Every structure is written in structure tokens, then in C-alpha cells.
Amino acid sequence: MSVSAAARHLESLLPRLASLRQYLQFHARLLTSGHLGAHPGLRARFLDRLALSPHPAALPHALLLLRSLPTPATNDLNAALRGLAASPHPARSLLLLAGRLLPALLPRPDALSLSFALKASARCSDAHTTVQLHALVLRLGVAADVRLLTTLLDSYAKCGDLASARKVFDEMTVRDVATWNSLLAGLAQGTEPNLALALFHRLADSFQELPSREEPNEVTIVAALSACAQIGSLKDGMYVHEFAKRFGLDRNVRVCNSLIDMYSKCGSLSRALDVFHSIKPEDRTLVSYNAAIQAHSMHGHGGDSLRLFDEMPTCIEPDGVTYLAVLCGCNHSGLVDDGLRVFNSMRVAPNMKHYGTIVDLLGRAGRLTEAYDTVISMPFPADIVLWQTLLGAAKMHGVVELAELAANKLAELGSNVDGDYVLLSNVYASKARWMDVGRVRDTMRRNDVRKVPGFSYTEIDGVMHKFINGDKEHPRWQEIYRALDDIVSRISELGYEPETSNVLHDIGEEEKQYALCYHSEKLAIAFGLIATPPGETLRVIKNLRICGDCHVVAKLISKAYGRVIVIRDRARFHRFEDGQCSCRDYW
DNA sequence: TTAGGGTTAG
């Protein structure tokens with residue numbers, strides 16, 4: 001066989017390599033045939049495949065091979081950078097580029113090298129390294145490369161530096177659809193969903209901004225829907241849905257999965273389920289089921305969550321998200337035994353969130369010993385949220401010892417938020433232990449307690465209005481406060497008395513009532529009442545869990561004013577109608 | 001020969 005024929009033969013074997021043994025044999029033949037040095041293209045292709053092979057020994061072997069080369073080429077380096085960036089230890093990719101993994105002189109990196117390194121810094125959330133790589137992009141003179149700059153933008157966004165991501169975007173002279181998608185997704189996931197939506201509207205208004213023959217694609221839609229879901233804006237969500245239809249993207253299963261999530265989080269369970277049923281059964285993925293089960297759960301339909309879970313085809317294995325969604329549904333519907341049954345039959349290892357849901361489920365049901373036993377027998381130490389869950393259960397059932405224990409753990413873990421103190425103080429107050437109530441208050445004062453601000457949104461005619469507890473920022477605040485006075489007098493006739501035990505301040509009863517009266521969700525509802533025609537459904541989104549008093553008030557308003565009120569709090573939906581809530585006061 | 005963007009979670 002001539003040299004080139006041998007090389008062609010090896011080349012043809014390359015795509016068929018699978019086992020580690022085959023890779024090692026191939027390596028041996030490269031060595032013995034002399035092609036390792038004589039055929040750098042073949043060598044780099046082999047190295048690339050080896051470094052990406054899923055076998056755990058493959059990547060170390062690729063690095064060994066790289067080290068054995070007297071003068072590695074840029075492509076050899078890139079293969080290793082790529083493999084390391086995709087590995088469980090992406091930081092090693094950065095060490096390699098910095099020359100700390102190879103003793104020999106490094107070949108000069110190119111745009112591709114930087115692309116892989118940026119992927120690695122994104123996976124490490126290493127903003128500092130992303131900045132350094134940005135400098136390297138400029139130094140190497142490869143800053144006109146759309147793909148590289150998109151990767152750079154994405155890396156900034158994934159490291160949480162949205163300002164720099166935006167700046168890269170703004171300074172790019174050519175942007176393709178992936179560039180837009182990258183910033184869109186970065187903003188949507190980086191707690192700037194409103195900016196994401198503004199960017200989407202800019203793209204939707206004139207996608208002449210895109211290179212010719214390029215259109216928004218399913219990634220654009222998924223990212224935009226994720227922003228709508230976070231904001232809870234049904235109007236924007238429906239606009240994105242219509243937009244997707246125009247481009248024939250509404251049949252795409254990933255778009256459908258995002259639509260299910262969006263409609264559910266924007267308060268429309270029926271639309272979410274319509275989308276789920278519109279997907280052909282054989283096209284439904286695990287995520288489709290997870291999103292639909294979660295939709296039932298958020299809306300308090302635990303029985304339906306269980307039913308859908310049982311109906312999952314056997315070819316789709318439930319994952320941790322599926323179980324969490326089902327458990328959540330059981331929790332919100334008070335289905336204790338079903339929840340425990342599902343938890344005990346889990347076929348994946350439960351994580352902190354699964355335990356959290358079970359502890360909440362047991363705690364609400366008054367099974368505090370079991371809840372506590374669950375916490376201390378978990379295979380990992382409980383986190384802050386879990387102790388807060390237990391503290392909440394202790395408060396609900398007036399168990400002082402457990403509340404104290406949980407509060408001590410919270411202090412140990414460095415939690416210092418007002419809610420913890422309020423719960424502990426309320427347990428003492430329920431037992432008339434006023435000295436202890438005072439002691440908690442003193443501790444609060446000493447510790448400079450962090451207040452988690454409560455705020456609510458409501459969408460009226462497509463405009464979002466934001467309210468913070470007791471604020472007077474809204475242009476119509478005087479009308480809103482007058483409406484609240486009217487509300488209080490009308491629901492008082494139905495027997496309303498303020499539930500002031502949720503307020504812990506060193507203030508008198510009347511001031512406590514004041515503090516409660518202007519909770520953000522009440523401001524949002526009052527505004528909704530004066531800004532919409534009679535009978536229209538009011539939709540409110542709250543960042544925290546709804547408080548007991550607001551829950552009572554919302555029920556009474558729904559009766560006194562003949563309005564359906566839908567409140568999405570941090571955990572679920574409450575639908576108030578004719579004096580009742582869909583959660584049946586179990587939340 | 002090798003590069004960029006995405007959904008579900010207490």
C-alpha cells in the first residue's frame with residue numbers, strides 16, 4: 001500500500017471508531033505508519049474525535065498524545081481545548097490555553113481556540129476569564145468574526161455580565177439570528193425578561209436587521225416565551241404565539257413545550273393544555289410531560305398531575321423534574337399519601353427540592369415528627385429553604401421547640417431575613433410568651449435584618465403596573481388608596497377583620513392594620529378594580545407567597561365585587577371566585 | 001475537520 005493509500009485507509013476508519021480499544025489501535029497505527037508526524041490533518045481529526053469520545057479514559061489519552069507531539073499544531077490544541085471545554089472540568093480548557101497544562105511551546109491560538117475557551121469560561125461562570133479572552137480576541141485581530149463574537153456575547157451573558165453582553169451586541173456590525181438569540185436568551189435567563197421582550201419586539205418589528213434570507217427561528221421563540229412566562233404577560237405571550245404561527249414554528253415540539261410553560265405561568269391552564277394536546281402523542285417529549293404536569297400542579301390540580309404522570313408512555317422515563325412537578329401537585333392539593341407514595345417510588349435520587357416538597361407536605365399535614373426525621377435523615381445537610389419550610393410548619397401548628405431548633409439552624413446558616421423572625425415571634429405570641437417575642441425583636445434590631453421587599457404586578461390593557469408594599473409611585477395612587485378604603489368598608493360588612501399576626505413591628509394595632517392594608521397585592525387588585533370594566537378577571541403576579549390576610553381579602557373582594565381574581569405567587573396560582581379560592585385555603 | 005443561540009425545578 002502506498003503512503004497516500006494508507007492514509008486514505010486510516011481516514012476511512014476514523015468515523016467508525018467507537019471503543020477505547022479501537023482508538024488506541026488507531027493511535028498505534030498512526031505512530032507505526034509515520035502519519036502522526038507526516039499527516040497533521042489526519043492527526044488533528046483523530047485527536048478531535050478522541051477528545052470528544054464519551055469514554056472516561058479518552059480525554060486523558062488525547063492529552064497524553066498532545067503532550068507527545070514535539071510541535072503541536074493549532075488544530076491539535078483546538079481539539080484538546082474543545083474536549084476539555086465540554087468535559088466535566090471545563091476550567092482545564094482554560095489552563096491548557098494559558099500554557100499551564102503543556103510544557104512545550106504552545107502553538108498560536110486562533111479564533112476557534114478562543115471560541116472553545118469562551119465556552120469553557122461560560123460553563124465555569126468565570127467572568128474574569130471571559131474579559132481576558134475578550135482582550136485576546138482583540139489582540140489576535142479576529143474581532144470581525146460573527147460566530148466568535150456571538151460566543152463572546154453568550155459567555156458574558158452566562159457569566160452574569162449582561163451589560164458587557166449588550167455592549168458586544170451593540171458594537172457588532174454584522175449580527176445574524178444566533179447573535180440575536182444569544183442576547184435574547186441571556187436577558188431572559190438573566191432576570192431581565194422585560195429587556196428580553198423589548199429586544200424581541202425590536203426584532204419582530206423589523207427583521208431586516210437580520211442578514212438577507214434569515215428569519216427568526218424556534219430558538220428565538222423559545223427564548224421570547226421564557227421571558228413572557230417570567231413576566232406573566234399573557235398578552236405578550238399570545239403575541240409571540242401568533243408570531244410563531246406566521247413562521248410555521250408553532251408545530252415545533254420545543255416551541256410547544258415553551259408555550260405550555262408560558263400559558264400556564266400566565267394563568268391560562270386551558271390554553272396550556274390545548275397546546276399539550278395539539279402535540280401528536282408520539283412527538284411529545286419528557287419536557288412536554290414535565291411542563292404539562294407542572295401546569296396542573298401550579299394551578300392546584302394535584303389529581304390531574306398524578307393522572308398525567310401515570311399516563312406517561314413507558315418509553316419516556318420520568319426524571320427529577322417530573323417527580324418534583326408531581327410532588328408539588330400533591331403538596332398544593334394536600335394529597336399527602338399520594339405524595340409519599342410517589343416519593344418512595346422515585347427511580348432517580350431525590351435532591352434537595354424533592355425533600356423540600358415532602359417536608360412541606362408532611363409539615364402542612366401536621367406530621368411534624370416525620371417532617372423533622374426526613375430532614376435529619378437526608379443524605380446531605382439541609383439548606384436554608386428547607387429549615388424555613390420546617391419553621392413554617394412549626395408556626396402553623398404552634399410547636400415552639402421545633403420552631404426554635406429551625407430558627408437556630410437558620411442563624412447558623414447565615415439566613416437573616418425578616419420572615420424567619422416573624423414566624424418565630426408568632427409561635428411565641430401564640431403561646432403568650434411575650435418575653436420571647438421581645439427577645440426576637442431585639443435580635444432583629446441587633447442583626448440589621450434584611451427585609452425582602454414584596455411587590456406585585458398587574459397587566460391592564462397590555463401595560464404592566466408594578467406596586468411595592470405601601471408605595472405611592474403610581475400616577476393614580478390617590479384613586480387607588482380611595483378604592484382600598486371602599487374595599488375595606490365593603491368587605492367589613494362581610495365580616496372581614498384584619499389578620500395582623502403576620503406583621504412584626506414595634507407598632508400599635510392600628511399601624512399594623514395600615515401596614516397590611518397596603519400590601520402590594522392589595523394595591524394591584526384595587527387598581528384593577530378601578531381600571532377595568534365590571535366583571536373582568538383581574539390577574540396579579542406577586543414575587544413572594546401571598547400572605548394570609550391578603551388571601552382572605554381577595555376571597556371577600558371576589559364576592560363583594562363579583563370579580564374573578566387570579567393571583568400567581570412565587571409557588572402557585574390562586575383563583576378567587578365568589579368568596580372561595582381554588583386552593584381551598586390549603587397552601 | 002473542528003465554532004455561536006433554546007424548554008421543564010421547593
Looking only at aspartates and glutamates whose Cα falls under 12 Å of A:Lys245's and that sit 8 or more positions away or on another chain, we get A:Glu218
Dipole in debye (nearest 20) - region A:467-581, about Cα centre, beta carbon charges: Lys, Arg +1; Asp, Glu -1 | 640
Which of A:Leu13, A:Leu340 has the fewest Cβ neighbours within 10 Å, and the rest in rising order | A:Leu13, A:Leu340
Taking 0.36 nm per intervening residue step and subtracting the Cα-Cα distance, what contour gain separates A:Ser345 from A:Asp110 on full extension?
-> 79.5 nm
Which ordering of A:Met352, A:Met262, A:Met312 is given by a fewest-first count of other beta-carbon atoms within 10 Å?
-> A:Met352, A:Met312, A:Met262
How many angstrom separate the Cα center of region A:339-393 from the Cα center of region A:223-275?
-> 33
Express as a percent, rounded to the nearest 5, the fraction of DSSP beta bridges in chain A (both residues included) that run antiparallel.
-> 75
Hey, for a label at A:Asn408 modelled as a point 7 Å past Cα toward Cβ, could you say which residues of region A:360-402 have their backbone N under 12 Å away?
-> A:401-402
Listed residue (A:Ser121, A:Leu63, A:Ala44) projecting farthest to the positive dipole end of region A:21-121, Cβ model = A:Leu63
With charges set only on the Cβ (+1 for Lys and Arg, -1 for Asp and Glu), what does the dipole of chain A come to about its Cα centre, in debye to the nearest 20?
-> 2020
Note down the magnitude of the dipole of region A:141-250 about its Cα centre, charges +1 on Lys and Arg C-beta and -1 on Asp and Glu C-beta and zero elsewhere, to the nearest 20 debye.
-> 80
Sort A:138-150, A:110-122, A:65-77 for me by packing, meaning the mean count of neighbouring Cβ atoms within 10 Å per residue, highest on top.
-> A:110-122, A:65-77, A:138-150
Relative exposure of A:Asp418, A:Asp48, judged by other C-beta atoms within 10 Å (fewest first) | A:Asp418, A:Asp48
Leaving out same-chain residues fewer than 8 places away, which aspartates and glutamates sit with a Cα under 15 Å from that of A:Lys431?
-> A:Glu401, A:Glu404
Taking square-rooted eigenvalues a ≥ b ≥ c of the alpha carbon gyration tensor, is region A:467-581 rounded, prolate or oblate, where a/c under 1.5 means rounded and, failing that, a/b exceeding b/c means prolate?
-> rounded
Hey, can you rank A:160-167, A:327-334 by average C-beta count inside 10 Å, highest first?
-> A:327-334, A:160-167
For A:Lys265, list the lysines whose Cα falls under 19 Å from its own Cα; do not include residues on the same chain fewer than 8 positions away.
-> A:Lys235, A:Lys466, A:Lys542
Taking amide H positions as placed 1.01 Å from N in the peptide plane, with prolines and chain starts having none, which residues 5 or more places from A:Arg539, or on another chain, fall under 5 Å of its amide H?
-> A:Glu459, A:Val566
Measuring from a point 7 Å past the Cα of A:Met435 along Cα-to-C-beta, which residues in region A:394-412 have an amide N at less than 18 Å?
-> A:400-401, A:404
Most packed first (mean Cβ within 10 Å per residue), the peptides A:577-586, A:177-186 order as A:177-186, A:577-586
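A short reminder: the numbers here are calculations on the coordinates, not readings from a lab. Quick caveat, the model's predicted, so the values are computed rather than measured. Neighbour counts run over all protein chains shown; Cβ positions are idealised from the backbone, glycine included.
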